[in-house]
Every structure is written in structure tokens, then in C-alpha cells.
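J.: Before I ask anything, let me first share the structure, which is written out below as C-alpha cells.
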Amino acid sequence: MPQSTHLPVPPLTTTTTALAAACERLATHTFVTVDTEFLRETTYYPKLCLIQMASSEEIVLVDPLADGMDLAPFFALMADERVVKVFHAARQDLEIIWTQGKVIPKPLFDSQVAAMVCGYGEQVSYESLASGLAGAKIDKSSRFTDWARRPLTEAQLTYAAADVTHLRIVYEKLMARIEKSDRMSWVADEMAILNNPKTYEIEPEEAWMRVKARIRKPVERAILIELAAWREREAQSRDVPRGRILKDDGLAEIAVAQPKSVEDLSRLRAIPNGFERSRAGGDILEAVVRGKARDPATIPAFEQERGGGSGALVQLLKVLLQSVSERNHVAAKLIATAEDIDRLAAKPEGDMPVLQGWRGEIFGQIALKLIRGEVLLGLDKGRVVTVPRE
């Protein structure tokens with residue numbers, strides 16, 4: 001059905017009854033475009049402030065902050081497998097939906113991922129797709145709105161509605177290209193990652209992987225693991241950003257200094273005044289003790305330390321990757337990340353994603369041949385090609 005981009009912007013849906021009726025209407029369509037507006041500057045968990053949805057016939061703007069609003073009808077629609085849910089750059093939206101409703105929208109279509117499959121480059125913006133595929137110009141004046149403030153202005157609601165209005169046309173045109181190129185399975189592989197709840201759950205014991213710190217000694221890393229887990233639990237329980245508990249440089253300084261007392265802790269530059277004598281100070285010292293007592297054999301390495309591949313080989317693989325990306329009209333980052341290349345160069349075996357599925361077909365298998373010396377890289381009319389080694 002042709003999509004009208006001139007549907008009227010409705011008033012906010014502020015009651016559960018109205019939301020249920022809207023979701024019932026939306027559920028009769030084959031797909032619904034969805035977006036959310038949220039804030040998370042002062043909290044650990046994102047605060048859902050607005051939900052936008054659209055079908056071919058209407059736009060629905062939902063106020064999650066309205067008194068007495070129960071989002072159960074919305075979550076039920078997200079779980080309805082008869083209706084495709086279309087997002088752009090869905091990850092943060094899905095995190096919010098999972099956190100609040102314990103639902104992952106299925107079936108799912110992310111237009112940013114689909115655009116990468118179609119050769120639009122890495123992390124293409126919604127504005128670019130709306131302009132290129134729907135001929136729309138997005139007014140960005142409300143981009144930095146405080147979506148928690150009420151009432152929302154007409155300009156804010158118009159901006160919010162545009163995020164789902166033009167997405168309908170973007171979806172249909174991307175789907176046509178994907179089906180024509182027979183790449184639906186490529187998109188499905190990426191959607192499977194987004195559909196996995198583990199994508200949005202951070203285990204405290206794994207929080208150290210996100211810490212920006214240069215830690216080399218195993219014992220220091222063990223302490224960092226304990227400190228990061230403590231900070232993650234504190235941030236979750238208090239619903240505040242991690243940095244409000246203690247910044248990354250503070251964790252790193254403690255891991256290196258290995259303080260044994262509150263006096264030792266007070267001498268560290270990254271520790272706020274008085275912090276060492278709070279309950280948190282005692283928790284930190286206990287984390288240091290646990291880290292120092294950890295069996296060295298159980299201390300994992302940072303990702304960058306798991307490399308070890310030849311720098312020259314890494315560069316050759318990157319050249320091959322770019323060549324494959326251009327030849328297949330698919331974003332290089334979607335085929336393999338920099339970490340994937342490093343791992344492949346260091347240990348060209350195992351079940352890494354780059355060797356499986358469509359990635360293995362267009363890049364992984366030829367990369368293995370390059371690593372084994374079975375093919376060489378050459379130039380043909382200015383383009384990089386692989387040549388069998390004689």
C-alpha cells in the first residue's frame with residue numbers, strides 16, 4: 001500500500017485505554033515503524049519519555065510518563081509475531097523495551113543494518129536514508145529536546161512523528177533491494193543478534209571489558225575485574241551512571257596502586273575527598289583483596305592482548321576486506337570489525353563469525369587462503385583482486 005507522508009500529527013496518547021485501542025489497530029498491519037525518545041544522562045537505566053509508531057494509516061505518539069499509563073498493550077504489540085517492527089539503529093530502543101517490558105520486538109527490521117547490507121556505508125543516519133529514499137528533509141531543531149518535560153510543543157511532536165513517518169518508505173525500498181539481491185538471510189543474521197536479550201544485559205563480572213584503562217599485569221587486571229563488578233552493581237542498584245560511582249581512571253589507579261588501607265586510598269589522585277572513609281571505600285579495599293587472591297590461571301586477557309598476529313598480515317586482510325566490501329556493495333564493518341581482523345590474523349581457526357555464514361562465503365574463506373599463502377593480492381585496472389599462487 002502506498003505510504004502517505006502527510007498524515008496529521010496526532011495529540012499524545014495519554015491513557016491505557018487509548019493505547020490499547022491504537023495497538024489493536026496497528027496490529028492489523030503487516031509492519032509498524034517504531035522509535036523511542038529517552039534520557040539517560042543522570043540514570044543507569046534509560047528513562048523512556050516518548051514512543052512513536054506508525055502504520056500506513058496513522059501515527060501514534062504515546063506518553064509513557066502520563067499518570068496511570070500502563071504500557072502492556074505496547075509490549076504485547078512488540079511481541080506480536082504477525083507484525084514486523086521496523087526501527088532505525090534499533091539497539092538503544094530495544095534495550096529500553098527489554099529493560100521495561102522484558103520483550104524483544106519480533107519480527108524485527110533495523111533499517112540501519114539493512115542499509116549497510118545494501119552498500120550505504122557504515123552507520124548511515126536516518127536523515128540520509130529519509131532524504132535519499134523518501135525524498136524527505138528532516139527538521140533537526142528539536143534533536144536535543146528534553147523529552148521528559150511536559151507539555152511537548154507541536155514542533156517537538158512533529159519532529160518525533162517524522163522519525164516513524166518516513167521510515168515506512170525507507171523500509172519498503174530497502175526491502176525491495178534486499179529481496180532483489182537475495183540478501184534477506186544476511187539481514188536475518190544481524191537481527192538474530194539484536195533479538196538476543198544478552199545483547200542488552202551487562203553482567204557485573206563482565207563490566208571490566210568496557211573500562212578504558214591500560215592495565216598489563218595480571219594481578220592488576222584481576223583487581224580491575226573486581227572493582228568494575230562492584231561499580232556496576234552499585235550503579236544498577238542506585239540507578240546512576242557508572243561515572244557517578246567512580247570514573248574509569250579511578251578504577252585503573254586503584255588497580256595499579258593496590259591500596260591496603262583507607263590512608264593508602266586517600267592518597268590516590270582519582271579518589272574524591274572523603275570517598276575513602278565512606279562505605280564505598282571499604283567495598284573498594286575488599287575488591288582489591290579479592291583481586292589479589294585470584295588464581296592467575298583464571299584471569300582473562302584484554303581483547304587487544306589476544307591478538308599477536310603479524311601487523312603486515314593484518315594490513316593485508318584489511319585491504320582484502322575493503323576490496324570485498326566494494327565488490328559486494330556491503331559495509332566493511334558489517335563483514336568484519338577491526339577486532340575480527342586481529343583475531344583472524346592471530347588464530348585463523350575456530351567458530352568466529354567472520355568464518356561463518358555469508359561472511360565466510362564472501363570474505364572469510366578467501367581470507368584463510370590469503371593467510372595460508374594459497375592466493376596473493378594483486379591489481380587489475382586499479383582494483384584489488386586475489387590471484388591463485390602458482
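FYI, it's all coordinate maths here, none of it is from the lab. This one's a predicted model, so the numbers in the text were calculated from it and none came from an experiment. Glycine gets a Cβ as well: all are built from the backbone with ideal geometry, and neighbour counts include every protein chain shown.
J.: Only counting other Cβ atoms within 10 Å, I'd like 29, 329 sorted with the fewest neighbours first.
T.: Values: 29 17, 329 13.
Ascending number of Cβ neighbours within 10 Å: 329, 29.
J.: Given points 7 Å out from each Cα along the Cα-Cβ axis, report the residue 337 to residue 100 separation in nanometres with one decimal.
T.: About 2.7 nm, to one decimal.
J.: What is the Cα centroid distance between region 165-229 and region 268-292, reported in whole angstrom?
T.: 32 Å
J.: As a test of the definition: which semi-axes, in Å, follow for region 223-373 when you take the square root of five times each eigenvalue of its alpha carbon gyration tensor? Largest first, please. Kindly include the intermediate steps, with their values, before the conclusion.
T.: Details: eigenvalues 378, 56, 33 Å².
Those come to 43, 17, 13 Å.
J.: Is there a quick way to get the dipole size of the chain? I mean about its Cα centre, with the Cβ of Lys and Arg at +1 and of Asp and Glu at -1; what is the value in debye to the nearest 20? If you can, show how the numbers build up before the last one.
T.: Numbers: 51 positive and 55 negative charges, 210 e Å.
I would put it at about 1000 debye.
J.: What's the ranking of 138-146, 244-252, 365-373, 199-207 by average number of surrounding C-beta atoms within 10 Å, highest first?
T.: Details: 138-146: 12.6, 244-252: 18.9, 365-373: 16.2, 199-207: 14.6.
Per-residue mean Cβ counts within 10 Å order the peptides as 244-252, 365-373, 199-207, 138-146.
J.: Please arrange 13, 99, 42 by how many other C-beta atoms lie within 10 Å of their C-beta, fewest to most. Please list the in-between numbers first.
T.: Working: 13 23, 99 14, 42 10.
So the ranking, lowest neighbour count to highest, is 42, 99, 13.
J.: Which length gain, in nm to one decimal place, applies between residue 153 and residue 184 when the Cα-Cα distance is subtracted from 0.36 nm times their residue separation? Don't skip to the end; give the middle numbers.
T.: Working: separation 31, 0.36 × 31 = 11.16 nm, distance 3.96 nm.
Result for the pair: 7.2 nm of gain on full extension.
J.: For a label point 7 Å from the Cα of residue 270 along Cα→C-beta, name the residues of region 284-300 whose backbone N is under 17 Å from it.
T.: 284-289, 291-292
J.: Distance check, please: which entries in 137/212; 198/347; 106/347 exceed 32 angstrom between their Cα atoms? Don't skip to the answer; put the middle values down first.
T.: On the way: 137/212 38 Å; 198/347 26 Å; 106/347 36 Å.
Exceeds cut-off: 137/212; 106/347.
J.: Between beta-carbons, use under 13 Å as the cut-off and find the net charge around residue 86, counting Lys and Arg +1, Asp and Glu -1.
T.: On the way: positive: 85, 106, 168, 173; negative: 35, 93, 110, 163, 172.
Residues close to residue 86 contribute a combined charge of -1.
J.: Using only the alpha-carbon atoms, what does region 204-300 span along each of its principal axes? Please give whole angstrom values in decreasing order.
T.: 35, 29, 20
J.: Determine, for 168, 242, 290, the number of other Cβ atoms within 10 Å of each Cβ, and report the residues in order from fewest to most. Can you show the working numbers first?
T.: Values: 168 24, 242 20, 290 16.
Result, fewest neighbours first: 290, 242, 168.
J.: All other residues with a Cβ under 14 Å from the Cβ of residue 98 taken together, and with Lys, Arg as +1 and Asp, Glu as -1, what is their net charge?
T.: On the way: positive: 85, 91, 102, 106, 198; negative: 93, 95, 201.
Net of charged neighbours comes to +2.
J.: Please work out the ratio of the alpha-carbon Rg of region 5-149 to 2.2 N^0.38 Å and round it to two decimals. It would help to have the intermediate numbers written out before the result.
T.: Values: Rg = 15.1 Å, N = 145, 2.2 N^0.38 = 14.6 Å.
In units of the 2.2 N^0.38 Å rule of thumb, it is 1.04.
J.: Find how much the distance from residue 70 to residue 16 grows on full extension, using 0.36 nm per residue of separation minus their present alpha carbon separation; answer in nm with one decimal. Working shown, then result.
T.: Details: separation 54, 0.36 × 54 = 19.44 nm, distance 0.55 nm.
The residue 70-residue 16 span can extend by a further 18.9 nm.
J.: Mean shadow of the chain, computed from the convex hull of its alpha carbons, in nm²?
T.: Numbers: hull surface 94.7 nm².
In nm², the orientation-averaged hull projection of the chain is 23.7.
J.: So how far, in whole Å, is the C-alpha centre of region 338-390 from the one of region 93-128?
T.: What the calculation gives is 28 Å, centre to centre.
J.: Right, something else. Go through 118, 26, 171 and say which Cα lies farthest out towards the positive end of the charge dipole of region 16-199; charges sit on Cβ, +1 for Lys and Arg, -1 for Asp and Glu.
T.: 118
J.: So what's the net charge close to residue 162: Lys and Arg +1, Asp and Glu -1, counting the other residues with Cβ under 13 Å from its Cβ?
T.: Working: positive: 137, 140, 143, 168; negative: 35, 37, 127, 139, 154, 163.
Taking every other residue near residue 162 into account, the sum is -2.
J.: In nanometres, what is the gap between the two model label sites at residue 361 and residue 9, each 7 Å from Cα along Cα-to-Cβ?
T.: 4.4 nm
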